[in-house]
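*Asks:* Following this message is one structure expressed as structure tokens.
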Amino acid sequence: MAVNFVRPMIPKLATDPWAIQFDAQGHLKHLLTIEGLGPTWITRILDTAENFMSVSDREIKKVPLLRGRTVVNLFFESSTRTRTTFELAAKRLSADVLNINLSTSATTKGESLLDTLRNIEAMQADMFVVRHEQSGAAHFIARHVAPHVSVLNAGDGWHAHPTQALLDAFTIRRIKGDFAPLRIAIVGDVKHSRVARSQIHAFNSLNVGELRVIGPRTLIPNDIEPLGVRVFHDMRQGLKDVDVIIMLRLQRERMEGGLLPTEQEFYRLYGLTEEKLGWAKPDAIVMHPGPANRGVEIESRVADGPQSVILEQVSNGIGVRMAVMALCMSAES
Amino acid sequence: MAVNFVRPMIPKLATDPWAIQFDAQGHLKHLLTIEGLGPTWITRILDTAENFMSVSDREIKKVPLLRGRTVVNLFFESSTRTRTTFELAAKRLSADVLNINLSTSATTKGESLLDTLRNIEAMQADMFVVRHEQSGAAHFIARHVAPHVSVLNAGDGWHAHPTQALLDAFTIRRIKGDFAPLRIAIVGDVKHSRVARSQIHAFNSLNVGELRVIGPRTLIPNDIEPLGVRVFHDMRQGLKDVDVIIMLRLQRERMEGGLLPTEQEFYRLYGLTEEKLGWAKPDAIVMHPGPANRGVEIESRVADGPQSVILEQVSNGIGVRMAVMALCMSAES
Amino acid sequence: MAVNFVRPMIPKLATDPWAIQFDAQGHLKHLLTIEGLGPTWITRILDTAENFMSVSDREIKKVPLLRGRTVVNLFFESSTRTRTTFELAAKRLSADVLNINLSTSATTKGESLLDTLRNIEAMQADMFVVRHEQSGAAHFIARHVAPHVSVLNAGDGWHAHPTQALLDAFTIRRIKGDFAPLRIAIVGDVKHSRVARSQIHAFNSLNVGELRVIGPRTLIPNDIEPLGVRVFHDMRQGLKDVDVIIMLRLQRERMEGGLLPTEQEFYRLYGLTEEKLGWAKPDAIVMHPGPANRGVEIESRVADGPQSVILEQVSNGIGVRMAVMALCMSAES
């Protein structure tokens with residue numbers, strides 16, 4: 001699997017930056033990136049998530065797997081949606097949850113990140129769920145935590161958002177079954193998207209039949225084709241015969257000036273309207289990691305239409321996060 | 001029961017806006033307004049609350065009724081007091097609680113209210129407790145949630161605050177017993193008070209002997225008499241022979257300019273002092289939904305005096321909210 | 001035990017301000033200050049904490065001692081670290097925890113402190129953990145709460161931080177065993193430190209062999225020697241033959257202008273470097289209540305070095321706070 005695409009964004013890592021995700025026995029300890037998981041671990045996570053989905057469906061949604069364990073949501077960048085799904089996943093495993101928003105607390109007292117980490121760790125935290133605006137932050141934390149602590153990457157800069165990619169794979173598998181015959185298109189701002197990076201690694205690992213990215217030249221990285229991705233700049237060509245369409249969120253906050261003409265122009269060329277959806281296979285499903293900008297990336301009638309599985313992605317996110325938490329804490333269901 | 005008083009504030013509702021509160025079997029599903037509950041449901045809620053009060057009194061205050069259910073406090077307007085009582089009520093029923101303050105989170109990413117709702121719902125939330133500055137917000141949400149989700153109105157604009165009215169009725173019943181022989185006076189800023197609106201509906205439904213409102217012309221709505229309420233502008237006349245005095249909070253933040261002369265003038269005419277309290281029955285009780293403005297609506301010696309039941313209202317609020325939560329989730333104690 | 005040092009800071013208290021900490025049967029009810037606990041209660045707390053440390057070490061970290069009880073963190077001054085340790089301690093005892101930050105909530109509606117207290121109390125809270133920028137705040141609250149409520153002081157102004165002193169004593173006892181032969185030095189800004197005040201009372205009560213304070217004249221109170229403390233203004237002399245070095249955090253936010261020359265100058269004279277550490281006993285331990293200002297109070301190599309027990313202090317803080325909570329709620333382990 002090629003890595004040129006991702007490696008430049010992780011500062012000063014060892015040769016195999018993903019090796020740190022496993023303990024000496026080869027068991028998953030941290031989830032920082034999709035790279036290095038391979039089809040075996042990805043499939044194990046999806047299978048475990050399938051078991052947990054029944055927990056969310058029944059009246060009493062809790063299992064006692066992580067009772068007495070402490071999960072700390074360490075958010076350096078606020079994200080109510082992501083934090084909430086991790087919090088719910090942890091609570092449904094019966095863990096205690098601490099929410100720590102670090103932009104507004106300890107750092108104002110001049111503590112360094114490492115001091116903060118060490119202190120929370122010393123309170124016998126068992127897992128850190130980390131969201132950070134800088135690429136590589138979760139890796140950095142994983143390299144420095146105590147041996148008993150697991151780290152989950154809940155999004156770091158442009159780099160990775162592995163649980164999002166896993167819940168997307170899970171959602172596709174639930175609906176489409178086998179990955180091998182599928183054509184999947186990822187549309188929009190691939191350049192600034194940690195979600196797209198993680199999806200590409202996951203779908204490659206799962207041997208998706210054909211993987212496409214569609215978007216304007218300014219929002220598609222130059223070095224992406226070695227990853228086994230076909231690049232399209234035209235929606236009609238890109239969507240032809242596609243089974244799964246994944247719309248990305250425009251990451252305007254991460255763009256330098258001039259990359260994007262106007263939102264109206266973007267919508268005209270790449271926004272997923274009912275008309276453009278007609279260019280894909282009739283049973284194509286529509287995905288979006290949320291929150292969607294209606295009228296920019298996607299037409300409301302498509303987001304709320306019969307081919308959209310956007311809300312199923314959210315529901316599936318709970319089960320997938322429960323699976324990752326349980327597996328990383330060596331507590332398979 | 002007349003409704004002219006309330007209806008103009010709810011935007012575009014069906015003919016019986018309260019019918020949405022019940023499921024197809026006639027069971028209470030949402031609590032949005034007191035209207036439409038009728039004496040049967042109000043009494044059932046008060047009776048259930050009576051059972052739960054013993055839970056709060058015993059050493060282990062928890063019952064497992066809502067174990068594994070997720071209650072989401074969706075506050076678009078901050079209110080630590082109200083949020084806290086709903087949070088405690090949910091925790092004492094063993095539910096998991098998520099607090100989401102929406103002025104500072106998802107809405108900053110441009111998500112619409114409906115998208116936010118759908119997303120939280122997709123995380124398998126079972127109940128939304130909604131506080132919003134706009135009248136009709138809880139109704140709007142109840143019309144759009146998934147069938148398994150219950151919505152509780154924790155205060156919407158000028159419209160309604162039904163759990164407050166229920167806890168007030170509960171407090172009165174615990175002390176005075178039967179409602180039929182009682183004279184109840186609601187004093188102050190009736191015009192801007194969602195609490196007063198809900199109280200009037202509740203007391204009418206419970207057949208309170210006589211219901212009065214007292215206040216300056218500028219703070220009493222013109223169309224209130226059809227609701228079966230006697231209007232007084234003079235405190236001495238209004239408090240004569242009264243069993244229950246409910247002081248309202250001045251809602252200065254909801255007033256347009258010029259409605260209120262000065263706080264000193266308001267206190268002189270309508271502030272409940274020991275002297276004015278003497279005009280009511282000797283065993284009259286004094287209530288206030290809190291937080292009270294001492295020296296504006298009420299004299300401190302009255303608020304802390306032997307006839308005040310203000311703190312009992314707070315305690316009773318936990319039991320009443322437990323009752324509403326349990327009943328709406330079809331989990332009668 | 002002399003008290004001139006502390007008494008001026010507590011406004012208008014009765015002759016024995018610490019007597020309020022005990023109920024009529026002489027059982028510990030509140031923890032407001034170390035004064036008045038005596039060696040018996042301090043030792044009982046440390047022994048109970050020792051039992052609880054095994055709870056934090058085992059896989060399921062919870063004990064059901066406070067199941068169904070409600071602990072309210074009432075923070076008038078934000079402190080994520082302290083709040084978090086109390087929250088974890090309460091959760092590991094299976095209590096329900098409410099976090100209320102009062103600078104941003106009820107007080108903005110003009111409620112007085114007492115009204116806020118009475119309201120939260122009426123929600124059947126069982127314990128208040130209070131952090132306040134004013135000395136005496138926790139005493140004030142303890143004098144006014146309902147009989148069933150316990151109050152823990154989590155730091156009040158310059159006055160006291162009793163759980164910090166207890167966890168420091170606990171940490172020392174775990175490593176050094178007996179207190180009688182020990183020489184302990186407290187270094188830095190003693191004048192503005194509630195931690196130092198509480199430590200001095202604790203170590204005197206536990207009959208520490210020799211207690212020293214070291215710092216510039218401007219940061220050592222004049223009336224401290226009657227407390228049985230030896231004062232040093234020179235680090236080399238002060239650290240000679242010392243077993244325990246406690247570095248204090250510079251409380252710049254509580255200093256009036258001119259007390260401190262510059263941080264560089266302070267570090268040169270009193271910052272704990274490897275060189276200065278060499279002046280103490282070879283097996284001396286280094287402590288800091290955190291968060292440490294590296295390069296001001298302490299050199300990084302010392303903070304992270306083999307003699308530092310700073311992170312053990314944090315871990316021990318959970319056990320000590322569990323012990324205090326359990327004892328004050330009459331629930332000895």
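The values are calculated or read from the model by the stated rules, or taken from the named source; none is laboratory data. Small disclaimer: the values here were computed from a predicted structure and weren't measured. Every residue, glycine as well, gets a Cβ built from its backbone with ideal geometry; the counts of neighbours run over all protein chains shown. Note: areas computed on protein heavy atoms with side chains; ligands, DNA, RNA excluded. Shrake-Rupley method; radii C 1.70, N 1.55, O 1.52, S 1.80 Å.
*Asks:* Which distances, shortest first and in nm, link B:LYS176 to the matching position in the other copies, using label points set 7 Å out along Cα to C-beta?
*Replies:* 6.7, 6.7
*Asks:* Output, in nm with one decimal and in ascending order, the distances from the A:ARG252 label point to the matching label points of the other copies (7 Å from Cα along Cα-to-Cβ).
*Replies:* Between copies, matching label points for A:ARG252 lie 3.8, 3.8 nm apart.
*Asks:* If I model region B:291-331 as equal point scatterers sitting on the Cα atoms and use the Debye formula, what is log10 I(q)/I(0) at q = 0.14, 0.19, 0.28 Å⁻¹?
*Replies:* Evaluating at q = 0.14, 0.19, 0.28 Å⁻¹ gives log10 I(q)/I(0) of -0.47, -0.63, -0.90.
*Asks:* If you don't mind, another one. Over region A:188-239, with a single point scatterer placed on each C-alpha, what log10 of the ratio I(q)/I(0) does the Debye formula yield at q = 0.15, 0.23, 0.24 1/Å?
*Replies:* Each listed q corresponds, in turn, to -0.36, -0.87, -0.94.
*Asks:* Right, next: Other chains near A:28-34: what is the mean number of their Cβ atoms within 10 Å of each residue's Cβ?
*Replies:* The per-residue average across the peptide is 0.
*Asks:* Run through the other copies and list how far each one's label point is from that of B:THR43, in nm with one decimal, shortest first; the point sits 7 Å from Cα along Cα-Cβ.
*Replies:* 6.4, 6.4
*Asks:* Something else now. Report the residue of chain A with the smallest Cβ-to-axis distance, using the rotation axis that brings A onto C, in whole Å.
*Replies:* Output: A:ASN99, 6.
*Asks:* Relative contact order for region C:162-309 using alpha-carbon pairs under 8 Å, separation at least 6, rounded to a whole percent?
*Replies:* After rounding, I find 24 percent.
*Asks:* Under 12 Å from the Cβ of B:LYS281, count the other residues' Cβ atoms, weight Lys and Arg +1, Asp and Glu -1, and hand me the total.
*Replies:* Result for the neighbourhood of B:LYS281: 0.
*Asks:* Sticking with this one: Please work out the FRET efficiency for the pair A:ARG143 and C:GLU133, using the Cβ-Cβ distance as r and a Förster radius of 30 Å; give the result to the nearest 0.05.
*Replies:* 0.20
*Asks:* For the protein assembly as shown, what is the convex hull volume of its Cα atoms per residue in Å³?
*Replies:* 184 Å³
*Asks:* Take A:TYR270, B:TYR267 and sort them by solvent-accessible surface of the protein heavy atoms, 1.4 Å probe, largest at the top.
*Replies:* B:TYR267, A:TYR270
*Asks:* Looking at region A:112-179 from every direction and averaging, what is the projected area of its Cα convex hull in nm²?
*Replies:* On the way: hull surface 22.8 nm².
Taking the Cα atoms of region A:112-179, their convex hull projects to 5.7 nm² on average.
*Asks:* Using Cα-Cα distances under 8 Å and only pairs 6 or more residues apart, what relative contact order does chain A have, in percent?
*Replies:* This gives 21 percent for chain A.
*Asks:* Beyond 39 Å, what share of the Cα-Cα pairs of chain C is found? Please give it as a whole percent. The partial results should precede the final answer.
*Replies:* Working: 5959 of 55278 pairs.
Pairs farther apart than 39 Å: 11 percent.
*Asks:* Is there a simple number for the mean count of other chain Cβ atoms within 10 Å of the Cβ of residues in B:296-305, and what is it?
*Replies:* Averaged over the peptide's residues, the number is 1.
*Asks:* For region B:162-310, what is the convex hull volume of the alpha-carbon atoms per residue, in Å³?
*Replies:* Enclosed volume per residue, from the Cα hull, is 98 Å³.
*Asks:* Further, regarding this structure: Which of A:ALA24, A:ALA180, A:ALA165 ends up with the largest GNM mean-square fluctuation for chain A, with Cα atoms connected below 10 Å?
*Replies:* A:ALA24
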